Amino acid sequence: MTFVDGLRSDLGEAGVLTGADAAPYLTGQRGLFTGEALAVVRPASVKETVLVVRACASAGVFIVPQGGNTGMSGGAVPATGADRDSHGLQPQSIVLSMSRMNRIVSVDPDRWTITVEAGATIEAVQQAAAGAGRLFAPDWGARGTATVGGAIATNAGGNNVLRYGTLRDNVLGLEVVLADGQVWDGLRALRKDSSGYDLKQLFVGAEGTLGVVTQAVLRLRPATPHAQSALAAVSGLDSLMPLLELAEARCGGDVTAFELVPDVGLERACKKFSLARPLEARAEFYVLVRLSSTEPVSDRLGAFLDEASDSGWVTDAAVAVTDEHEERLWAIRDELPAMRLWDLHEHGVKLDTAVPIDRFGPYHDEVRRIAAELAPDAFTYGFGHVGDGNVHMYVLPTSDDQVAPFLAVRDELRERIDEATFAFGGTLSAEHGIGQLLRDRIRQQKPAVEWDLMQAVKNALDPQGIMNPHKTLPP
Ligand code: MLT
Ligand code: ZN
């Protein structure tokens, strides 16, 4: 019996996919990475996950955990070109899809927690929490497909990090199948626990290189029935940080999101997806601010915008007056990723960088300067989480005949931008993980001793090196 047949006899037909059925799991969302695998294996329980991990450990087969496959860094598909056995004969990985383990196990409003399997989508968790009068705060455009397991693996961020933190700040406990098949039951619901190393945090952001997360206890927050957003035209990037400070000062802890929207993106998203342009006034940049609270927020939002306008930081604003209007503003925001808007996005340089927030303006200028120097015909485009210093910037060719000259300078462009990011004290990976995309570029970001410590953790938890190899840790 082959290895795959053995898995099939243990998990049944629905548990093992091969051929055309497996193909969608082998290419990452942006189409940048396609890998090979012996099979896509879909356990339906922690018991079956253990069985698969044990089988892989004894056969020396690599395990590539996968959630909704919405990742941006190629962390959840087998590594390109590095996943064949030592004779180069056959793929050596399985994709371990958590898609069948998607149950909401329990909602516990009195504890302010929800316990879910790793394959539950972010949206399903949000809805279950809302049903119990609570809020699960992490949120981003791919909410309907992205899963809790994938979000934990990348320490995902999204639009509400400013107020509620990244996934790291929203995980209280985990259940993990370790590389040798042991199950670590760390499903605790404690807000405070100083009893030694915080092991759950090792698995957050580890991109499946240390073990397979099968369940999580997530933190819930008070529901915020009163929410209002405004899209404000800003007088320039210099206005953004004073504006954020003003918003925090006038609106207390109720500033939930503070997102940069460039006019080129706004215009393109409205045209492409037939959305109404929310305000007539034109500016190079807008900021999408959202307040949410247990109490009405519109007076404070209005007062903040008036003061911002008096200070000259805001030149015009569209304030959402109905829920529908609010949804329309956020629908535009969800469409801003380059792969939604620009045909040639796959050729571009795409950044998930963050810098200390007081340095965002000069950093943005520096990226543009480097792009203008090396690729003067290319188009530079940035949007997103400016309140966290994490703007997704892209440098893209704009027509087919620009692709070849752009590709000729792309590596140098990346290198120069990476160097600038480090010089600004930034990170190449704010919320999308390292995966395959950044693995060769990330080393300079941290001192050698830090990578050595991470490698020591990896060696301790996965001595055989079967958990998602060729990802995350620099070669
Ligand atoms: C976003 O903020 O919309 C996502 O991180 C997606 C992206 O960066 O393209
Ligand atoms: Zn983002």
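Only the coordinates and a few stated rules stand behind these numbers; no lab work does. As the structure is a computational prediction, the values presented were derived from the model and not from experiment. Glycine also receives a Cβ, built like all others from the backbone with ideal geometry; neighbour counts cover every protein chain displayed.
Quick notes on this one:
- Pairing each residue of the range 1-18 that is touching a residue at least 12 places away in the same chain (Cβ under 8 Å) with any residue that is part of a helix (DSSP H, G or I), provided the two are 6+ apart or on different chains, yields C-beta distances under 6 Å for 3/59; 10/51; 11/48; 16/7; 16/8.
- Boolean, residue 292 is among the small types (Gly, Ala, Ser) and either within 25 Å of residue 242 (Cα to Cα) or within 14 Å of ligand 1 (Cβ to nearest atom) (or both): yes
- Meets criteria (among the aliphatic types (A, V, I, L, M), buried (at least 16 other Cβ atoms within 10 Å of the Cβ), closer than 17 Å to residue 465 by Cα and under 19 Å from the mean Cα position of the chain (by Cα)) for residue 64: yes
- Of all residues in the range 388-401, those that are part of a strand (DSSP E or B) and within 11 Å of ligand 2 (Cβ to nearest atom) total 3.
- Residues of the range 113-144 that turn out to be within 19 Å of residue 256 (Cα to Cα) and out of contact with any Phe, Trp or Tyr (no Cβ under 6 Å at 6 or more places or on another chain), as a count: 14
- Qualifying residue in the range 386-393 (condition: more than 16 Å from ligand 1 (Cβ to nearest atom), under 24 Å from the mean Cα position of the chain (by Cα) and among the hydrophobic types (A, V, I, L, M, F, W, C)): no
- Helices (runs of 4 or more DSSP H) lying entirely in the range 111-194 (those with 1 or more residues that are without any contact (Cβ under 8 Å) to a residue 40 or more places away in the chain and in contact with a strand residue (DSSP E or B) (Cβ under 6 Å, 6 or more places away or on another chain)): 122-131
- Subset of the range 349-365 that is of a type outside the set (A, V, I, L, M, F, W, C) and within 15 Å of ligand 1 (Cβ to nearest atom) - its residue that is farthest from residue 430 (Cα to Cα): 350
- In the set 232, 216, 206, only one residue is over 24 Å from the mean Cα position of the chain (by Cα) and crowded, with 24+ Cβ neighbours inside 10 Å; that residue is 232.
- Taking (1) within 20 Å of residue 179 (Cβ to Cβ); (2) touching a residue at least 12 places away in the same chain (Cβ under 8 Å); (3) more than 16 Å from ligand 1 (Cβ to nearest atom) in turn, residue 85 satisfies each apart from (2).
- Top-ranked residue in the range 434-464 [being in contact with a Lys or Arg (Cβ under 9 Å, 6 or more places away or on another chain) and without any contact (Cβ under 8 Å) to a residue 40 or more places away in the chain; ranked as farthest from residue 353 (Cα to Cα)]: 454
- Only one of 431, 419, 346, 415 that is under 23 Å from the mean Cα position of the chain (by Cα), within 15 Å of ligand 1 (Cβ to nearest atom) and surrounded by fewer than 17 Cβ atoms within 10 Å (Cβ to Cβ): 346
- Given (1) over 18 Å from residue 139 (Cβ atoms); (2) surrounded by fewer than 16 Cβ atoms within 10 Å (Cβ to Cβ), index of the condition residue 301 fails: (2)
- Any hit, the range 378-387, residues being away from ligand 2 (no atom under 16 Å from the Cβ), closer than 24 Å to residue 260 by Cβ and touching a helix residue (DSSP H, G or I) at 6+ places or on another chain (Cβ under 7 Å): yes
- Scan of the range 459-473 for residues that are under 16 Å from residue 154 (Cα atoms) and either among the hydrophobic types (A, V, I, L, M, F, W, C) or surrounded by fewer than 20 Cβ atoms within 10 Å (Cβ to Cβ) (or both), ordered by number: 467, 473
- The residues of the range 145-158 that are surrounded by 24 or more Cβ atoms within 10 Å (Cβ to Cβ), within 15 Å of ligand 1 (Cβ to nearest atom) and of a type in the set (S, T, N, Q) amount to a single one, 154.
- Condition check for residue 274: within 30 Å of residue 32 (Cα to Cα), of a type in the set (S, T, N, Q) and more than 14 Å from ligand 1 (Cβ to nearest atom): yes
- Answer residue from the range 147-171, given it is small (Gly, Ala, Ser) and more than 9 Å from the chain's Cα centre (by Cα) and is nearest to residue 387 (Cα to Cα) among those: 165
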